Amino acid sequence: MTPDLSAARRTIRGGLVLMTLGLLAAAGVYILALYYTPMEARQGLAQKIFYVHAPAAWGALVAFSVVGLASILYLWLHDERLDLFAASSAEVGIAFSMVMLTTGPIWGKTVWGTWWTWDARLTLTLFLFFLFVAYLALRAAVPDRGERARFSAVVGIMGLVLVPFIHLSVYLFRTLHPQPVLLKPSAPSMPPEMLRTLLSGMGAFTLLYLGFVMVRYGIACAANVRGESSNAV
Amino acid sequence: MPDMLRLAFAIAAKDIRLELRSRTALLSAIVFSALVLVVFNFARDPTALAAIDLAPSVLWITFAFGAVIALNRAFYVERENAALDGILMAPVPRSALYVGKLLANLAFVGVVEAVALPLFVLFFNVSMGHALPGILGVTALATVGFVAVGTIFSAMVVRTRFAELMLPVLLLPFMVPPLVGAVQVTARLLAGRPLSEMEGWLRLLTAYDIVFVTLCILVFPAVVDE
Amino acid sequence: MTAPADAPLLEGRGLTRAFGALQALRGVDLAVRGGELVAIAGPNGAGKTTLLRILAGLMRPTAGEVLVHGRRLTRSEPGPRRAIGLLSHQTFLYDDLTPAENLQFAAQLYGLPDAAAAVRTALDEVGLSARAATPVRHLSRGLLQRAAIARALLHRPDILLLDEPFTGLDAPAAERFRTLLRAQLAAGRALVLVSHHLAEVWALATRVAVLADGRWALELDRPGDLAAFHARYGELVDA
């Protein structure tokens, strides 16, 4: 086996380990959420979705930042592996944002009767989702590998710069059109159990993110060595 | 710097001359915008919503769609006979190429907007009068923003499959801040609100323009250089 | 930084280019002085077009560098590009503009001081003055070629790169083209010519080189017998 392929295999194995750990951690978070964390007064059981919803948003944001960072590094260093890593992160990121975008409306409809609200977190994640779609669609449409890497890097960087503007737009929109503050945990102070569960959730999802990306990246590297392309990556 | 501007103007002038010769993209963009306005007019119930409430959104959606149609042509014209290679081989800084294309695109989108705006006033019976200078100003400000991003994306998509589909997919997320800002400011201008209410949005639009034009100039070489 | 008088006008050092896993060029060296014509042949897929594009500054090598008048050809410094001209099967012309307008634009790109005069001269030299106001779209193949030549030579490049220029030329046109090449060589220009029809330039070539699988497979100075060369070339390609 060539050295590159064995390195790819090691990456996949390592990623699978992290993934398993992450899934176990996520299962642990479910248990914590259901049995350990106190019930929220107004929302009841439905509020527990938050412990999946918020970490998923966090995962999407991490994935997106990695795509942006890897894109900058790629344009600077021209290392193909950075491009493969960015694309793997994008694929994982789109999955996380879809989790967030499905749990959000489920939560919203159950508790407040509305499927959607334009609050800061949902809107931002929606935009991350659209940017991931644009990024992956572009990759699918460019056959030449070098060109694909350059174009993806440009979109990745521009997407990263766009995020603060989306944030600012939502902020301006909401200060001028005050809306009920939805989909937030009971402010101002969260009971320590809730905070701990939330942080555990974020830890679990971070492990999941790392695991998924490593597996995906390993697969992409292996395909690369063989001269094939593994779907969009 | 003067060299860069001279070259940018030369490239923009060449693009404008080319478009005046063939007129295809410009005409289709104008006709498309007119059609969008007509559809909006028939689609709304005049008794349910006052024109003035809907006006800013309709106007800016029309501008946005028209712009996307017009933007598609920018680098398409460079594909014939590998004309782009001719420019890249010459001692032309890539920033000059980008700025030249940006200027030409601004001219085209500007023409589309200049035709769409009076049509809009006509169809929707909106009185602009006092608000007109402000509306022209915010139109210019927002247009620079999404044309800047649209120019660089059109350079990319021209080499992909499904180019006409890829451009909106890439561009629309980036059009949201300038569009939202423009709609908000236009609505307030039409309602005669004081400037203080629009300050935040105007700052957003200006910041967006400065940041993205600069960023596009910086990353453009990665798009055209192999 | 001024290069010594006998220094090559165009130099390629260790030019390497990879497309993913595919190695198109593997460390190619090249040096061409004024008045020299280097003819490059090779089987399809040998890397000839890639080499030409790198020399023209249209493609960045994965490794190695291109030197024009001793100065590195980089993306950030446009200056050295002034010395390069490329004639390929693509004309770089806009179909909806006239030859005069196309040349006017090219003159602006190269920052020529008296654009109008340069354009007039170029059109005269290729015999296109009569059709200078016809959109390129309506020109015949032969006139189109002349327009392409005018554009390539407009800025009087010291280095001329030619990609299969004899394709589609009948005997009289080929002879006219050879006269043009001779004139360029006499003016001290450096020429690099890629061609499948080496016989066409055999008499003019200072050196002949064969590129195979991204490397030089054969290099001949002052090439002698064409038949003998074809024999060796045949062996190479079949091997």
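Among the residues that make up segment B:88-97, is at least one of them out of contact with any strand residue (DSSP E or B) (no Cβ under 7 Å at 6 or more places or on another chain), without any contact (Cβ under 8 Å) to a residue 12 or more places away in the chain and not in a helix (DSSP H, G or I)?
Yes, segment B:88-97 contains a residue that is out of contact with any strand residue (DSSP E or B) (no Cβ under 7 Å at 6 or more places or on another chain), without any contact (Cβ under 8 Å) to a residue 12 or more places away in the chain and not in a helix (DSSP H, G or I).
Do you know which of the residues in segment B:78-87 that are more than 7 Å from chain C (Cβ to nearest Cβ) and part of a helix (DSSP H, G or I) is modelled with the highest pLDDT?
B:Leu84
Among the helices (runs of 4 or more DSSP H) lying completely within segment A:75-181, list those that include at least 1 residues that are within 14 Å of another protein chain (Cβ to nearest Cβ), surrounded by fewer than 20 Cβ atoms within 10 Å (Cβ to Cβ) and of a type in the set (D, E, K, R).
Details: elements: A:80-112, A:120-141, A:145-176.
Because the criterion is at least 1 residues that are within 14 Å of another protein chain (Cβ to nearest Cβ), surrounded by fewer than 20 Cβ atoms within 10 Å (Cβ to Cβ) and of a type in the set (D, E, K, R), the helices (runs of 4 or more DSSP H) in segment A:75-181 that meet it are A:80-112, A:145-176.
Report yes if A:Ala26 is closer than 30 Å to A:Ala153 by Cα and among the aliphatic types (A, V, I, L, M), otherwise no.
Against the criterion (closer than 30 Å to A:Ala153 by Cα and among the aliphatic types (A, V, I, L, M)), A:Ala26 does not qualify.
Please work out if A:Val163 is β-branched (Val, Ile, Thr), in contact (Cβ under 8 Å) with a residue 40 or more places away in the chain and under 28 Å from B:Glu164 (Cβ atoms).
Yes, satisfied.
Of all residues being closer than 16 Å to B:Gly134 by Cβ and of a type in the set (Val, Ile, Thr) in segment B:166-224, which is farthest from the other protein chains (Cβ to nearest Cβ)? Just the residue, please.
For segment B:166-224, the residue satisfying everything is B:Thr186.
State all residues of segment A:59-92 that are free of Cβ contacts under 8 Å to residues at least 60 places away in the same chain and of a type outside the set (A, V, I, L, M); if no residue qualifies, say none.
Across segment A:59-92, the qualifying residues are A:Trp76, A:His78, A:Asp79.
For segment B:113-226, which helices (runs of 4 or more DSSP H) that fit wholly inside it have 2 or more residues that are among the polar types (S, T, N, Q) and within 16 Å of the chain's Cα centre (by Cα)?
B:132-157
Would you confirm whether or not segment C:201-216 contains a residue that is surrounded by 19 or more Cβ atoms within 10 Å (Cβ to Cβ), more than 20 Å from C:Glu11 (Cα to Cα) and modelled with pLDDT under 85? First the steps, then the outcome.
Of the residues in segment C:201-216, the ones surrounded by 19 or more Cβ atoms within 10 Å (Cβ to Cβ) are C:201, C:205, C:208-212, C:214.
Remaining after also requiring more than 20 Å from C:Glu11 (Cα to Cα): C:201.
When the remaining residues are screened for being modelled with pLDDT under 85, the result is C:201.
So far as segment C:201-216 goes, yes, one or more of its residues are surrounded by 19 or more Cβ atoms within 10 Å (Cβ to Cβ), more than 20 Å from C:Glu11 (Cα to Cα) and modelled with pLDDT under 85.
Going residue by residue through segment B:201-210, is there one that turns out to be among the small types (Gly, Ala, Ser) and under 23 Å from A:Arg139 (Cα atoms)?
Scanning segment B:201-210, I find no residue that is among the small types (Gly, Ala, Ser) and under 23 Å from A:Arg139 (Cα atoms), so the answer is no.
Please list, ordered by first then second residue, the pairs with beta carbon atoms under 7 Å, 6 or more apart or interchain, first in segment A:218-229 and surrounded by 15 or more Cβ atoms within 10 Å (Cβ to Cβ), second of a type in the set (Ser, Thr, Tyr) and modelled with pLDDT of 85 or more.
Short answer, once both residue conditions are applied: A:Gly218/A:Thr11; A:Ala220/A:Ser88; A:Cys221/A:Thr11.
Kindly evaluate A:Gly68 against the criterion of being among the small types (Gly, Ala, Ser) and loosely packed, with under 15 Cβ neighbours inside 10 Å.
no
Okay, residues lined up against (1) on the phi > 0 side of the Ramachandran plot; (2) within 14 Å of chain C (Cβ to nearest Cβ); (3) touching a residue at least 24 places away in the same chain (Cβ under 8 Å); (4) touching a Ser or Thr at 6+ places or on another chain (Cβ under 6 Å):
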| position | (1), (2), (3), (4) |
| --- | --- |
| B:Phe9 | no, yes, yes, no |
| B:Ala12 | no, yes, yes, no |
| B:Arg17 | no, yes, no, no |
| B:Leu20 | no, yes, no, no |
| B:Leu26 | no, yes, yes, no |
| B:Leu35 | no, no, no, no |
| B:Val39 | no, no, no, no |
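Taking segment C:89-103 as the search range and keeping residues that are touching a residue at least 12 places away in the same chain (Cβ under 8 Å) and surrounded by fewer than 22 Cβ atoms within 10 Å (Cβ to Cβ), which one is nearest to C:Leu193 (Cα to Cα)?
Applying the filter and picking the extreme gives C:His89.
I'd like the residue in segment C:121-153 that is outside any loop (DSSP other than H, G, I, E, B) and more than 23 Å from the chain's Cα centre (by Cα) and, out of all such residues, is nearest to the other protein chains (Cβ to nearest Cβ).
C:Arg137
The values are calculated or read from the model by the stated rules, or taken from the named source; none is laboratory data. Keep in mind that this is a model prediction, so the values were computed, not measured. Here Cβ is always computed from backbone atoms with ideal geometry, including for glycine, and neighbour counts include all displayed protein chains.
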